[in-house]
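Q: What follows is a structure written as structure tokens; I'll ask about it next.
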Amino acid sequence: MAITKTKRKLTLSGLVIISVAILLFATLGSCQISYLTQAMAGHFRIMHSRKSIEKILKTNQLSIESQKKLKLVLEIHEYAIRELSLPDNKSYTVYAEIEDQYPGWNVYCAPKLSIEPKTWCYPIAGCVVYHGYFKKEKAFEFAEKMKQEGYDVYVSPFTAYSTLGWYKDPILSTHLTYDSLRLAGLIIHELAHQKFYV
């Protein structure tokens, strides 16, 4: 029975990905398709590595210090829902191990002698003032291209990854190095974005 359900989920997931790919190829240029493809690959890599924090705590597969942090994550999540009326969903009740120090890198650009940032617009996400990459080398390749086009460029890592509640957003392995105040700030900030995002 479990195998049948898994196959059904994979088939549905595969159909969604194929449908999105066809839509992208039909409406976007090749550069934007390449960019969105890496974004989707990075997204799925993080989402696929998620595990329930409660299940992890039962297995003792992490250090005692990491387990304490994960317990604190669940307490902060509960506090944010109960006391701050933030969204009551499964975000920040799951954990994802990432290989690098940061989940990705953002590239910011402005025309020379201007403080007006360049914006990029994407399906679903809308328009933002950065171009995000999950691979550092890709971010710096794009930054170099923008420099050659005459822009001032700034490249910065991002420390958290959020889908604004579309998926169960995870606490990342890198967040377990945060102190309790910074960890609380991160979770509350990201849950607040699920209610209000500009």
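The values are calculated or read from the model by the stated rules, or taken from the named source; none is laboratory data. Because the structure is a prediction, the values reported are computed rather than measured. As a convention, Cβ positions derive from the backbone with ideal geometry for all residues, glycine included, and neighbour counts pool all protein chains shown. Protein only, heavy atoms only, side chains kept; ligands, DNA and RNA dropped before computing areas. Shrake-Rupley method; radii C 1.70, N 1.55, O 1.52, S 1.80 Å.
Q: Could you list, in sequence order, the residues of the stretch 147-198 that are charged (D, E, K, R) and either within 26 Å of Pro117 (Cβ to Cβ) or touching a Ser or Thr at 6+ places or on another chain (Cβ under 6 Å) (or both)?
A: Of all residues in the stretch 147-198, those charged (D, E, K, R) come to 147, 149, 152, 168-169, 179, 182, 190, 195.
Once the filter is applied, which keeps residues that are charged (D, E, K, R) and either within 26 Å of Pro117 (Cβ to Cβ) or touching a Ser or Thr at 6+ places or on another chain (Cβ under 6 Å) (or both), the stretch 147-198 yields Lys147, Glu149, Asp152, Lys168, Asp169, Glu190, Lys195.
Q: Additional query: Given (1) free of Cβ contacts under 8 Å to residues at least 12 places away in the same chain; (2) open to solvent by less than 90 Å² (accessible area, probe 1.4 Å); (3) in a helix (DSSP H, G or I); (4) not β-branched (Val, Ile, Thr), where does Leu181 come up short, assuming only one miss?
A: Failing condition for Leu181: (2).
Q: For residues that are open to solvent by 40 Å² or more (accessible area, probe 1.4 Å) and not in a loop (DSSP other than H, G, I, E, B), scanning just the stretch 154-164, find the one that is nearest to Val94 (Cα to Cα).
A: Among those that are open to solvent by 40 Å² or more (accessible area, probe 1.4 Å) and not in a loop (DSSP other than H, G, I, E, B), it is Pro157.
Q: Regarding Tyr167, is this residue open to solvent by 70 Å² or more (accessible area, probe 1.4 Å), under 21 Å from Gly42 (Cα atoms) and touching a residue at least 40 places away in the same chain (Cβ under 8 Å)? It would help to see each step written out before you state the result.
A: Numbers: open to solvent by 70 Å² or more (accessible area, probe 1.4 Å): yes; under 21 Å from Gly42 (Cα atoms): yes; touching a residue at least 40 places away in the same chain (Cβ under 8 Å): yes.
In short, yes.
Q: Applying the selection to the stretch 115-151, what residues are assigned to a loop (DSSP other than H, G, I, E, B) and open to solvent by 100 Å² or more (accessible area, probe 1.4 Å)? Can you show your working first?
A: Taking the stretch 115-151 and keeping what is assigned to a loop (DSSP other than H, G, I, E, B), we get 115-119, 123-125, 129-130, 134-135, 149-150.
If the condition is that a residue be assigned to a loop (DSSP other than H, G, I, E, B) and open to solvent by 100 Å² or more (accessible area, probe 1.4 Å), then Ile115, Glu116, Ile124, Glu149 are the ones that fit.
Q: Evaluate the following for Gly165: is it within 19 Å of Ser49 (Cα to Cα) and out of contact with any Lys or Arg (no Cβ under 6 Å at 6 or more places or on another chain)?
A: On the way: within 19 Å of Ser49 (Cα to Cα): yes; out of contact with any Lys or Arg (no Cβ under 6 Å at 6 or more places or on another chain): yes.
Judged against the criteria, Gly165 is a match.
Q: Which one of the conditions (1) surrounded by 14 or more Cβ atoms within 10 Å (Cβ to Cβ); (2) over 15 Å from the mean Cα position of the chain (by Cα); (3) closer than 15 Å to Lys90 by Cα does Lys195 fail to meet, given that it meets all the rest?
A: Answer for Lys195: the failing condition is (1).
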